Each structure stands twice: as C-alpha cells, then as structure tokens.
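Some notes on the structure that comes next.
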Amino acid sequence: MSGRRRALLLATVLGAVALLSACGGTQRPEGIVQRWLAALDAGGAGRPAVYAVPGVSDRLLPPPRDVGALDRAVVGQGAEKGDEARVPFEVELDATGAVIRRVAVLRLGTDGWRIVGLAPADPALPLPDEGGPRLGGLSVRAWALSGLAAICFCVLAAIALRLVGGASSRIRSSTTPGTPHRSTGSQPAP
C-alpha cells in the first residue's frame, strides 16, 4: 500500500475515533436536572446526591420521599455562562398538587455538571409550554451541518475501503494460478 493510501486510511480511522468519542461523554446541564428530578421521584431508591450537593434536594422535596412524589416534572433549556449554568424546571407534587417552579444552578467541576443551588423562577428562562425552546430541538442549520458531516465521513470511508480493497485484490490476482509471474513474466510452475 502506498504512503498516500496509508495516510488516507489513517485520516479516516482518526476521524471516526474523533467523531465517536465526541458522541460518548456529553453531559448537558438540562440532562443533569432531568436525572436529578427522576432520582427524587424514585423515593428511597433514588440517589439525588449523585447530581446535587447535599441539602439542595431536601429544599425541594424533604425526606422521607415517597416513590412517585412528583406528579409532573418539566425541564426547560438552560443558559450556560462559563462554568455555571441555570436551568429552569417546574414540578407538581403528587400529594398536594402544589406547583413549584425554580431554576437549578449548576457548576461544572472535574466530574461534570452538578446542581449547587436553587434560585427563584426567572422569566428570562421560559419553559417549553411558555414558549421556551424544546430540549433537543435542533435547528434546520444544525441538522443540515450534521448530515453534511455524515456524508463527508461516509465518502472518505468508502474511498479508504476501496483503496485498501483494491490493493488486496491486486495481490490476490498476482498469485492466481495461470497468471504470469510479476518478476519474470513467465508462467509459474504447475
């Protein structure tokens, strides 16, 4: 295989590794708030301390927590500024029907995002049912760029596979019985 083909194959493999590793460990602050609320709703089996510093969970839903204590939980799109994020959420308590709307304050540490406090509701951070953006709602531009990147990667992978496949087929054809030997041009001995 020529140096150019090796370089193309190496670039394709490195591109695949980079793209796949980028997909693996992304933590969004909104996702942390969603998992924290789900842990609170799981009662004694939930582990909200994984997502929030001690005391924060007790301020929203004091122990002992029953399974299904939250009748409804809605999380909106947050705002990040440096290593801090603010994520709006609203919960409806099952027992009383009370609706609590707050903003979770998160900090980015060495182990990812963690809820460090609760703040009063902020009109600048609307929930989806108030006209705020949906979670996971990508723009048409983002979808188009993602599609273009996927197509480019597939084309590069196809070229690399063809180059590697072409080299191996030439090797096979040169050793097929009945074909002239490359170095001498004569027929191999039977």
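No lab work stands behind these numbers, since they all come straight from the coordinates. Quick caveat, the model's predicted, so the values are computed rather than measured. Here the Cβ is made from the backbone with ideal geometry for all residues, glycine too, and neighbour counts use every protein chain on show.
How many nm is it between the label spots at Arg59 and Ala119, if each spot is 7 Å from the Cα in line with the beta carbon?
So the label points at Arg59 and Ala119 sit 1.2 nm apart.
Sort Ile100, Ile32 by Cβ crowding within 10 Å, fewest neighbours at the top.
With the sparsest Cβ surroundings first, the list reads Ile100, Ile32.
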